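Peer 1: For reference, the structure I am asking about is given below.
The values are calculated or read from the model by the stated rules, or taken from the named source; none is laboratory data. Since we're looking at a predicted model, the values are computed, not measured. In this analysis, Cβ positions are derived from the backbone assuming ideal geometry, glycine residues included, and neighbour counts consider all displayed protein chains.
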């Protein structure tokens with residue numbers, strides 16, 4: 001991990017980060033995409049180009065194109081894209097008892113948090129104004145399955161949508177064994193209350209949910225993380241279907257004072273580093289001793305990880321240990337990074353929480369480890385990444401509802417307000433608007 005000293009160097013570190021989807025595509029991936037697209041479409045496409053072509057083909061060809069892409073890309077031949085409902089229940093029943101209990105506890109806590117945070121309809125009889133909070137009809141959740149199954153993603157999306165009142169939740173996830181989706185993902189879908197599951201991964205899965213096919217119903221919003229093809233598909237479909245966000249690799253900033261435990265700081269950094277080669281684990285501390293001790297702990301703990309090679313790549317590529325002169329400077333640096341996870345591992349975290357402006361999720365104190373947010377705490381772990389916490393929020397219940405303003409003016413209020421409306425209409429050159437208002441002014 002690189003060592004950065006001072007706020008000025010920290011600012012340069014932040015400024016050097018690329019945009020979310022404009023980072024260089026690894027050469028081996030670019031070459032693989034070019035070869036595959038040449039075989040599929042007769043043209044050596046780039047990643048954005050091949051995603052655009054897949055979206056176009058699925059929109060035109062529906063189920064037949066989906067099955068053809070699965071056969072040619074993944075070598076999987078499927079007669080039916082949908083997983084039978086009975087298979088979801090059977091998968092849940094087959095889960096190890098401790099895993100099922102853990103997923104059920106997670107589902108309960110996520111659902112309870114979502115219900116508590118759900119906005120409510122309101123109406124003020126005195127003014128005639130209010131809002132109607134209306135849940136979406138159908139939501140699609142994507143559950144990645146390339147390197148490993150992610151049952152937690154299903155819990156963190158489907159449970160929130162259901163708690164918000166969404167009528168139907170469908171899940172798209174890759175087929176892993178040549179025929180079926182991951183059993184643990186299917187079990188999680190059953191526990192989360194998902195209505196239907198389809199064995200479709202990648203950009204084609206996103207396209208199927210966005211456009212609808214003979215088998216896959218068209219959804220109102222798509223949520224959930226995925227690889228670069230999934231992220232690119234969501235970006236290209238923005239405006240045609242609701243999108244929760246375009247997510248990049250995970251990132252964590254741990255802010256530590258001189259009382260922080262380096263063992264815990266290192267564990268939290270490694271917990272993020274093992275996600276992805278492009279993950280960003282960062283320590284910001286006021287203590288040289290904590291920085292050096294954390295550095296040693298990272299080296300000590302790393303070999304024990306199952307995914308130590310991935311973690312090492314992330315640590316060497318994007319990891320940083322930043323030394324600043326005060327916690328005020330630490331907070332300034334962290335807010336500039338605007339990380340997915342901001343962990344305040346300091347003496348009085350509540351005091352410093354007031355300084356947080358940009359964070360996907362906020363974790364206060366050594367006991368509130370980010371891993372708890374990933375799996376069991378309550379808020380959805382689907383959070384804005386790569387600096388987008390400057391303007392974006394986590395996947396909360398409010399993202400699964402529409403806010404419809406209600407205007408129900410009394411005759412007296414209409415007469416009182418209409419003259420002003422007519423004046424503004426004339427100022428904008430809309431005489432029809434003004435005339436409509438003037439009729440109300442007459443009562």
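Peer 1: Going through segment 114-133 one residue at a time, which ones are touching a residue at least 24 places away in the same chain (Cβ under 8 Å), farther than 28 Å from residue 103 by Cα and not in a loop (DSSP other than H, G, I, E, B)? Spell out the reasoning first.
Peer 2: Step one: of segment 114-133, the residues touching a residue at least 24 places away in the same chain (Cβ under 8 Å) are 114-115, 117-119, 123, 127-133.
Adding the requirement that they be farther than 28 Å from residue 103 by Cα leaves 123, 127-133.
Correct list: 123, 129, 130, 131, 132, 133.
Peer 1: List the number of the failed condition for residue 208; all other conditions in (1) touching a residue at least 60 places away in the same chain (Cβ under 8 Å); (2) out of contact with any strand residue (DSSP E or B) (no Cβ under 7 Å at 6 or more places or on another chain); (3) more than 17 Å from residue 382 (Cβ to Cβ) hold.
Peer 2: The number of the failed condition is (2).
Peer 1: Oh, and also: Please determine, by comparing only the residues of segment 63-89 that are touching a strand residue (DSSP E or B) at 6+ places or on another chain (Cβ under 8 Å) and assigned to a loop (DSSP other than H, G, I, E, B), which one is modelled with the highest pLDDT.
Peer 2: Per the stated criteria, the residue is 81.
Peer 1: When you look at residue 389, is it loosely packed, with under 14 Cβ neighbours inside 10 Å and either assigned by TED's automatic domain parsing to the domain that holds residue 151 or out of contact with any helix residue (DSSP H, G or I) (no Cβ under 6 Å at 6 or more places or on another chain) (or both), yes or no?
Peer 2: Values: loosely packed, with under 14 Cβ neighbours inside 10 Å: no; either assigned by TED's automatic domain parsing to the domain that holds residue 151 or out of contact with any helix residue (DSSP H, G or I) (no Cβ under 6 Å at 6 or more places or on another chain) (or both): yes.
Taking the combined requirement at face value, the residue does not satisfy it.
Peer 1: Same structure, new question: Going by what's in this entry, would residue 276 be described as under 30 Å from residue 32 (Cβ atoms) and within 21 Å of the chain's Cα centre (by Cα)?
Peer 2: For residue 276, the condition - under 30 Å from residue 32 (Cβ atoms) and within 21 Å of the chain's Cα centre (by Cα) - is met.
Peer 1: I'd like the residue in segment 352-373 that is under 20 Å from residue 158 (Cα atoms) and in contact with a strand residue (DSSP E or B) (Cβ under 9 Å, 6 or more places away or on another chain) and, out of all such residues, is surrounded by the fewest Cβ atoms within 10 Å (Cβ to Cβ). Walk me through how you get there before you give the answer.
Peer 2: Looking only at segment 352-373, we keep the residues that are under 20 Å from residue 158 (Cα atoms), and these are 360-361, 371-373.
After this cut, where a residue has to be in contact with a strand residue (DSSP E or B) (Cβ under 9 Å, 6 or more places away or on another chain) as well, the list is 360-361, 372-373.
Details: 360: 28, 361: 24, 372: 13, 373: 22.
Out of the qualifying residues, it is 372.
Peer 1: On the given criteria, is residue 160 crowded, with 24+ Cβ neighbours inside 10 Å, out of contact with any strand residue (DSSP E or B) (no Cβ under 6 Å at 6 or more places or on another chain), farther than 17 Å from residue 99 by Cβ and modelled with pLDDT of 95 or more? Spell out how you get there, then give the answer.
Peer 2: Numbers: crowded, with 24+ Cβ neighbours inside 10 Å: yes; out of contact with any strand residue (DSSP E or B) (no Cβ under 6 Å at 6 or more places or on another chain): yes; farther than 17 Å from residue 99 by Cβ: yes; modelled with pLDDT of 95 or more: yes.
Here the answer is yes, as residue 160 does meet what is asked.
Peer 1: Report yes if residue 281 is under 19 Å from residue 300 (Cα atoms) and either buried (at least 19 other Cβ atoms within 10 Å of the Cβ) or without any contact (Cβ under 8 Å) to a residue 12 or more places away in the chain (or both), otherwise no. Before the answer, list the steps.
Peer 2: Numbers: under 19 Å from residue 300 (Cα atoms): yes; either buried (at least 19 other Cβ atoms within 10 Å of the Cβ) or without any contact (Cβ under 8 Å) to a residue 12 or more places away in the chain (or both): yes.
Against the criterion (under 19 Å from residue 300 (Cα atoms) and either buried (at least 19 other Cβ atoms within 10 Å of the Cβ) or without any contact (Cβ under 8 Å) to a residue 12 or more places away in the chain (or both)), residue 281 qualifies.
Here is a yes/no grid of residues against (1) without any contact (Cβ under 8 Å) to a residue 60 or more places away in the chain; (2) under 14 Å from the mean Cα position of the chain (by Cα); (3) in a loop (DSSP other than H, G, I, E, B); (4) not assigned by TED's automatic domain parsing to the domain that holds residue 131:
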| site | (1), (2), (3), (4) |
| --- | --- |
| 351 | yes, no, no, yes |
| 378 | no, no, yes, yes |
| 382 | no, yes, yes, yes |
| 385 | no, yes, yes, yes |
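Peer 1: Oh, and also: Would you point out which residue out of 94, 107 is over 24 Å from the mean Cα position of the chain (by Cα), closer than 22 Å to residue 170 by Cα and in contact (Cβ under 8 Å) with a residue 60 or more places away in the chain? Outline the logic, then answer.
Peer 2: Numbers: 107 fails: over 24 Å from the mean Cα position of the chain (by Cα).
Just one listed residue meets the conditions, 94.
Peer 1: Looking only at segment 366-376, count how many residues are assigned to a loop (DSSP other than H, G, I, E, B) and under 19 Å from residue 281 (Cα atoms). Break it down into steps so the answer makes sense when it comes.
Peer 2: So in segment 366-376, the residues assigned to a loop (DSSP other than H, G, I, E, B) come out as 366-369, 376.
Then keep just the ones that are under 19 Å from residue 281 (Cα atoms); that gives 366-369.
Residues flagged as assigned to a loop (DSSP other than H, G, I, E, B) and under 19 Å from residue 281 (Cα atoms) within segment 366-376 amount to 4.
Peer 1: Given (1) farther than 25 Å from residue 84 by Cα; (2) touching a helix residue (DSSP H, G or I) at 6+ places or on another chain (Cβ under 9 Å), identify the lone condition not met by residue 166.
Peer 2: Failed condition: (1).
Peer 1: Can you tell me which residues in segment 75-106 are surrounded by fewer than 18 Cβ atoms within 10 Å (Cβ to Cβ) and farther than 30 Å from residue 375 by Cα?
Peer 2: Scanning segment 75-106 gives 75, 77, 79, 80.
Peer 1: So residue 55 passes all but one of these: (1) at pLDDT 95 or above; (2) more than 30 Å from residue 379 (Cβ to Cβ); (3) surrounded by fewer than 18 Cβ atoms within 10 Å (Cβ to Cβ). Which condition number does it fail?
Peer 2: Unmet condition: (3).
Peer 1: Looking only at segment 388-413, which residues are part of a loop (DSSP other than H, G, I, E, B), out of contact with any strand residue (DSSP E or B) (no Cβ under 9 Å at 6 or more places or on another chain) and either at positive phi or free of Cβ contacts under 8 Å to residues at least 60 places away in the same chain (or both)? Walk me through how you get there before you give the answer.
Peer 2: Taking segment 388-413 as the starting set, the residues that turn out to be part of a loop (DSSP other than H, G, I, E, B) are 391-396, 408-410.
In the following step, the residues that additionally are out of contact with any strand residue (DSSP E or B) (no Cβ under 9 Å at 6 or more places or on another chain) were identified as 391-393, 396, 410.
Result: 391, 393.
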